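Contents: one structure, followed by commentary.
The values are calculated or read from the model by the stated rules, or taken from the named source; none is laboratory data. The shown structure was predicted, so the numbers you read here are calculated from the model rather than taken from an experiment. In this analysis, Cβ positions are derived from the backbone assuming ideal geometry, glycine residues included, and neighbour counts consider all displayed protein chains. Surface areas here come from the heavy atoms of the whole protein model, side chains and all, with no ligands, DNA or RNA. Shrake-Rupley method; radii C 1.70, N 1.55, O 1.52, S 1.80 Å.
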Amino acid sequence: VFCLLLLILVTGCKKEKNSGNDISNIAGYWMGAYAYGNDPPDIKMSVIFRNNGTIKVYYGYNGNDTASAAFKPEGTYTLNNNVATFQYNEGSYVFIHKATLTVANAQSGTWGTAPSDDDGGLYSLVLQ
């Protein structure tokens, strides 16, 4: 009886490994690219999604050196029903990016100039 009880406790308390499909939190460092119109994303960008709902975006850099980025705006994001939306100000413009996430470590969608989230082009990011 003791062995059976021990077996039940051990298997019942076993923690499941994240399968990569848990999209409840997107906090972290993401790298990818954006493009204009329907072109495939090829202009480098990176985004830090913080647990407090804020972001820092980096673009206008070469290689992987985000310290040299010409643009480093701050903004905010939401994640509702697997739809990630983030926005930030750059000068007098407000840019909005929006994607439906199907896995926790990648997002691809559209971006635009507020109030639109799709009149600019496409973007894609991968969690690092």
I'm checking my understanding of the structure. Among residues of the range 82-103 that are under 18 Å from Val126 (Cα atoms) and of a type in the set (S, T, N, Q), which one is nearest to the chain's Cα centre (by Cα)? Thr85
Determine which single condition Gly63 fails, assuming it passes every other condition in (1) farther than 16 Å from Gly28 by Cβ; (2) open to solvent by 80 Å² or more (accessible area, probe 1.4 Å). (2)
Positions within the range 84-99 being polar (S, T, N, Q) and out of contact with any His (no Cβ under 8 Å at 6 or more places or on another chain), in sequence order: Asn89, Ser92
Filtering strands (runs of 3 or more DSSP E) wholly in the range 46-128 for at least 1 residues that are without any contact (Cβ under 8 Å) to a residue 40 or more places away in the chain gives 54-59, 74-80, 83-90, 93-100, 106-113
For the structure I just gave you, tell me whether Ala106 is over 14 Å from the mean Cα position of the chain (by Cα) and of a type outside the set (D, E, K, R). no
Condition check: open to solvent by 70 Å² or more (accessible area, probe 1.4 Å) and at pLDDT 95 or above. Does Asp42 satisfy that? yes
